[in-house]
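The values are calculated or read from the model by the stated rules, or taken from the named source; none is laboratory data. Note that the structure is predicted; figures quoted are calculated from it, not measured. Note that we place each Cβ from the backbone using ideal geometry, even for glycine, and neighbour counts take in every protein chain shown. Calculation scope for accessible area: heavy atoms of the full protein, side chains included, ligands and nucleic acids excluded. Shrake-Rupley method; radii C 1.70, N 1.55, O 1.52, S 1.80 Å.
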Amino acid sequence: MSIAAVTRSFSPAPDGTDAAVAQWVDDIAALTLPDRVVWCDGSKAEWDALAKAMVEAGTLIKLNAEHRPYSFLARSDPSDVARIEERTFICSVDPSDAGPTNNWADPVEMRSTLEGLFDGSMRGRTLYVVPFSMGPIGSPLSRLGVQVTDSPYVVASMGIMTRMGSEALQQIGPSTPWVRAIHSVGAPLALGQADVPWPCNDTKYISHFPESREIWSFGSAYGGNAILAKKAFALRIASVMARDEGWLAEHMLLIKVTNPRGRVFHVAAAFPSACGKTNLAMLSPSIPGWTVETVGDDIAWLGRGADGRLRAINPEAGFFGVAPGTGYSTNQTAMDTLWGNTIFTNVALREDGDVWWEGMSDTPPARLIDWEGKEWTPASGRPAAHPNSRFTVAARQCPSISDDWEDPQGVVIDAIIFGGRRATNVPLVVEARDWEHGVYLGATISSERTAAAEGTLGELRRDPFAMAPFCGYNMADHWAHWLAVGQELRRSGSVPRIFQVNWFRKGADGRFLWPGFAENSRVLEWILERVDGQVAATESPLGLVPAPGDLNTEGLDVSEADLAELFAVDADSWRAEADDTAAFFDSFEGRVPEAVSRQLEVLRAKLG
Ligand code: GTP
Ligand code: SPV
Ligand code: MN
């Protein structure tokens, strides 16, 4: 018998655990050979003990409690800082089910590769069993999962981001569907080998098996690569479940908006990663009489309710938000949310034991320890916080959280917004002519690359529905599914209106033409006055735009010239964009729904 076997301590599954869950955990443990197996109950005591152990291990630095009570800084390995799309695979049986926007890999080959990698990958470590519910426990819209992981950082994050623990485990019975998520940092420890603060592996795989609702993630501990409830489950696997069951899993924020007349609306908005979802979700309107409250900031599950209307839940319980650019002048609500009980990853450390990142304040502190643990001054010529540094915090701590954010029936959606980061072409706001045109606007989102994923910053990429990295099946089928959902909604007579926005258009001098942030409430006002039938619109080749004078610019510091530029339609560059869209549609080899291709022809005709 080996020494490792002698020191192994596998805690048994809690009483009442579904036999299939217990068996699966045994199987994973037999493959990965951890020293310990721990079933997480989701208690405060458990989280406290994990945090304490991570501080002792150097994975977390405890921040000065006077400034930031019960908060921590994690510094990742510099090679493990964002989602890696090239290492993210959809292993559907049929390659065409993954489609051209995903990396497909043969499921049989992938399983054999993964089994090799996971063989003994947890040696010397603890395998944590993390049961969780996406959505309020017991809601008909919620779905269950179990993640096993050898990363205590991931366990602590899952504790914030999901409803994690015993209650979720108890929901799983012999006939309950649940998603299997297996995660290892891929850094087994030999007997006596010292650990590092952020173990990971240069070899990385984030593999999804849509048919069997399984996720296998190896080598990374960062964000969506490792916190598998988020993008891997709630979008890639859930989008497939949604296709099969007739609902939608989308990369969308959710807000409740109340107008000065007291009418309440709910809005869902899809923007690509690091393009403003958290900011819009926590918006403090600059215009009087309007209130915005937060339901969700990243993921929405939407479906037709018993009343025939489109309803949505936020399946998450926390925010994993971009730190840089978050400050009192841009997102006061986020700053107030982050007062304590927060894990910060890859931000800078101040001399007083608090955190800092670019955009938190106008003037950086004179001295910092940067995200890599190196001394930093404003003269260093590099960012102090990594551009994809993030905060992890419970949603209930957000001062603008809406009273209906955990409504098990979901909130009724009145408007859907698609957006992207576009320096040119795309106007500040456009309303779709109808649902089909709205699906076209979603299908043709393109956006400049951000730091949220590995890749060349600023490069324009197609990101349909802001789901390019997150749709677990053929993107063209996703559009067809949206068309089908629209048809269902039409039958019950309540189809939400669809809009497109762009906060990021720039002038010839490279400056943002629109002040953004709180001023985006002016665009919301126009959108919701349209929904409420209070305001007219003007036809443009791209869709319906505000009639002159209808966008509320009272007290706004934007020149007439900039306003005109924000809505300018340059026919030549739009014809070029239409050609690019045609080429993009061609990449789907005939799978693009006719109703979507037809919209491209309508656009071309309108451009002349
Ligand atoms: P993910 O969490 O990656 O999905 O990102 P997100 O879509 O939630 O983006 P977030 O709200 O965190 O914003 C990303 C970056 O865009 C931050 O640096 C923000 O400061 C910036 N940003 C957000 N809204 C606006 C805006 O209206 N105008 C401008 N110029 N920048 C904005
Ligand atoms: C995104 O990239 O859209 C995120 C961060 O929200 S992650 O969870 O890493 O996907
Ligand atoms: Mn996101």
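Length gain on complete extension for the stretch Leu607 to Asp307, per 0.36 nm per residue less the alpha carbon to alpha carbon distance?
Details: separation 300, 0.36 × 300 = 108.00 nm, distance 4.00 nm.
That works out to 104.0 nm of additional length.
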Which of the aspartates and glutamates could a cross-linker span from Lys506 if the Cα-Cα distance has to be under 13 Å and same-chain partners fewer than 8 positions apart are dropped? Glu448, Asp562, Glu565
Spin-label model distance (nm) - Val93 vs Ala536, 7 Å beyond Cα toward Cβ: 5.7 nm
Residues meeting the amide H criterion for Ala323 (H placed from the backbone, H to H distance under 5 Å, 5 or more places apart or on another chain) are Ser389, Arg390, Phe391
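Fully extended, how many nm does the chain gain between Lys374 and Ala30 (0.36 nm per residue separation, minus their Cα-Cα distance)? Let's see the in-between values first.
Details: separation 344, 0.36 × 344 = 123.84 nm, distance 4.04 nm.
Between Lys374 and Ala30, full extension yields an extra 119.8 nm.
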Quick one: grab Rg to one decimal and Dmax as a whole number for the range 420-554, Cα atoms only, in Å. 16.1, 49
Once amide H atoms are built 1.01 Å from N in the peptide plane, which residues 5 or more positions from Leu127, or in another chain, come under 5 Å H to H? Asp35, Arg36, Val37, Val38
Lys/Arg +1, Asp/Glu -1 at C-beta; the chain dipole; positive extreme among Ser521, Val155, Ser92: Val155
Probe 1.4 Å, all chains present, heavy atoms only: Phe588 accessible area in Å², nearest 10, is 10 Å²
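For the range 311-395, which whole-number percentage of the solvent-accessible area (1.4 Å probe, protein heavy atoms only) is attributable to carbon and sulfur atoms? Before the final figure, lay out each step's value.
On the way: 1530 of 2940 Å².
On the range 311-395, the fraction of accessible area on carbon and sulfur atoms equals 52 percent.
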At a Förster distance of 41 Å, what's the computed FRET efficiency of Arg598 paired with Thr456, Cβ-Cβ distance as r, to 0.05? 0.75
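Averaged per residue, what accessible surface does the chain expose to a 1.4 Å probe, in Å²?
On the way: 22450 Å² over 608 residues.
Result: 37 Å² of accessible area for each residue.
Tell me the mean residue ellipticity at 222 nm calculated for the chain from its helices only (DSSP H runs of n ≥ 4, each -39500 (n - 2.57), averaged over every residue, nearest 500).
Details: 16 runs with 160 residues, N = 608.
My calculation for the chain gives -7500 deg cm²/dmol from helical runs alone.
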Over what distance in Å are the Cα centres of the range 47-80 and the range 250-293 separated? 32 Å
Taking the Cβ-Cβ separation of Phe10 and Ser284 as r and a Förster radius of 45 Å, what is the calculated FRET efficiency to the nearest 0.05? 0.35
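How large is the charge dipole for the range 379-511, taken about the Cα centre, if only the Cβ atoms of Lys, Arg (+1) and Asp, Glu (-1) carry charge, to the nearest 20 debye? Kindly include the intermediate steps, with their values, before the conclusion.
Working: 15 positive and 15 negative charges, 124 e Å.
Taking the Cα centre of the range 379-511 as origin, the dipole is about 600 debye.
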Taking the Cα centre of the range 287-335 as the origin, how large is its charge dipole in debye, to the nearest 20, when only Lys and Arg (+1) and Asp and Glu (-1) carry charge on their Cβ atoms? 180 debye
Is the shape of the range 434-512 rounded, prolate or oblate, going by the alpha carbon gyration tensor and its root eigenvalues a ≥ b ≥ c, with a/c under 1.5 for rounded and a/b larger than b/c for prolate? oblate
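Looking only at the chain, where both bridge partners belong to it, what percent of the DSSP beta bridges are antiparallel (to the nearest 5)? Show your work: numbers first, answer last.
Values: 64 of 101 bridges.
Percentage antiparallel, nearest 5: 65.
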Protein accessible area in the range 90-246, 1.4 Å probe - carbon and sulfur %: 50 percent
At R0 = 60 Å, how high is the FRET efficiency between Val569 and Asn64 if r is their beta carbon distance? Nearest 0.05 is fine. 0.70
Which of the pairs Lys52/Lys204; Lys230/Lys277; Lys256/Lys277; Lys231/Lys277; Lys62/Lys374 have their Cα atoms more than 19 Å apart in this structure? Lys52/Lys204
Unit Cα scatterers, Debye sum, the chain: log10 I(q)/I(0) for q = 0.05, 0.12, 0.13 Å⁻¹: -0.21, -1.26, -1.47
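Which net charge results when you count Lys and Arg as +1 and Asp and Glu as -1 among the other residues whose beta-carbon is under 14 Å from that of Val569? Please list the in-between numbers first.
On the way: positive: Arg422, Arg505, Arg575, Arg604, Lys606; negative: Glu539, Glu565, Asp570, Asp572, Glu577.
Cβ neighbours under 14 Å give a net charge of 0.
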Under 12 Å Cα to Cα from Lys606, which aspartates and glutamates show up? Leave out anything in the same chain fewer than 8 places away. Glu539
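If you place +1 on the Cβ of every Lys and Arg, -1 on the Cβ of every Asp and Glu, and leave all else neutral, what size is the dipole of the chain about its Cα centre, to the nearest 20 Debye? It would help to have the intermediate numbers written out before the result.
Numbers: 53 positive and 78 negative charges, 88 e Å.
Once rounded to the nearest 20, the dipole reads 420 debye.
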Positive-end residue, the range 190-302 charge dipole about Cα centroid, Cβ charges, pick of Gly192, Ala281, His251: Ala281
Sketch the reach of a paramagnetic label on Asp580 as a point 7 Å from Cα along Cα-to-Cβ, and name the residues of the range 421-459 whose backbone nitrogen lies under 14 Å away. 421-427, 444-449, 458-459
Could you work out how much longer the chain between Arg491 and Glu560 gets when fully extended? Use 0.36 nm per residue separation minus the Cα distance between them, nm to one decimal. 20.5 nm
